Amino acid sequence: MDRLWAPWRLEYLVQEKPAGCIFCGAGNERERLIFKTTPHTLIMLNRYPYVNGHLMVAPRRHTADLASLSQEEVLELWSAVALCQQALIQSAGPDGFNIGINLGKAAGAGVEEHLHIHVVPRWSGDNNFMSVVADLRVIPEALEACYDRLLPFFQAAPQVS
Ligand SMILES: [Zn+2]
């Protein structure tokens, strides 16, 4: 597990952290790898994935406080997570999912100040979740190809919530 080639993870590990919040940043949705925005949420492909199709769902409001989420935000977040799961099932046929939140640096949060839910597709025979979150993995598919493959499923989906 410690000699794998995953250049985008390496870039993430060694680079200066960009100023500003990746979930709040302005700019082109495609360049930001955003699939869909709704009034309260956005769905994004993780630029530094642990596996192919590693998605993230975040509230559009910049907050790290789970308890501060309104009922509307919670509802939309969870609907968006379900939509991610459906898109991945239809496009990639995974055998299972890890879905979860890392709150705080001690818990492994890469972006501490803006909470987000990871939706990670899993296949039988791949590594267990702990090794996935703790180590580098080989991603045999380019990021843009992954984005292009998944985008139609989000474009075709009915509005969240
Ligand atoms: Zn933010």
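The values are calculated or read from the model by the stated rules, or taken from the named source; none is laboratory data. Predicted model only: the values in this text are computed from it and were never measured. Every residue, glycine as well, gets a Cβ built from its backbone with ideal geometry; the counts of neighbours run over all protein chains shown. Side chains included, ligands, DNA and RNA excluded: accessible areas come from the protein's heavy atoms. Shrake-Rupley method; radii C 1.70, N 1.55, O 1.52, S 1.80 Å.
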Order of exposure, largest accessible area first, which applies to E113, E73, E144 with probe 1.4 Å: E144, E113, E73
The answer for R122, listing residues at least 5 apart or on another chain whose modeled amide H is closer than 5 Å to its amide H, is D95, G96, F97, N98
Taking a spot 7 Å from the Cα of E113 along the direction of its beta carbon, which residues of the stretch 22-45 have an amide N less than 13 Å from it? 22-25
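In nm, what is the difference between 0.36 nm times the number of residues separating Q155 and C21 and their Cα-Cα distance? Mind showing how you got there, number by number?
Values: separation 134, 0.36 × 134 = 48.24 nm, distance 2.47 nm.
Contour length minus the Cα-Cα distance gives 45.8 nm.
Could you tell me the calculated FRET efficiency between L66 and R32, based on Cβ-Cβ distance and R0 = 30 angstrom, to the nearest 0.05? Before the final figure, lay out the partial values.
Working: r = 24 Å, r/R0 = 0.79.
According to the calculation, E is roughly 0.80.
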Can you tell me the length gained on complete extension of the stretch L103 to V74, counting 0.36 nm per residue apart and subtracting the Cα distance? 8.8 nm
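Report in % the part of the accessible area of the stretch 30-155 that belongs to carbon and sulfur, leaving out ligands and nucleic acids; probe 1.4 Å.
Numbers: 3240 of 5960 Å².
Roughly 54 percent, rounded to a whole number.
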Å² of accessible area per residue within the stretch 30-155, as computed with a 1.4 Å probe and no ligands counted: 47
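For Cα pairs less than 8 Å apart in space and 6+ apart in sequence, what is the mean separation divided by the residue count of the stretch 30-155, i.e. the relative contact order in percent? Provide the component values of the computation, followed by the final result.
Working: 185 pairs, mean separation 39.9, N = 126.
Across the stretch 30-155, relative contact order equals 32 percent.
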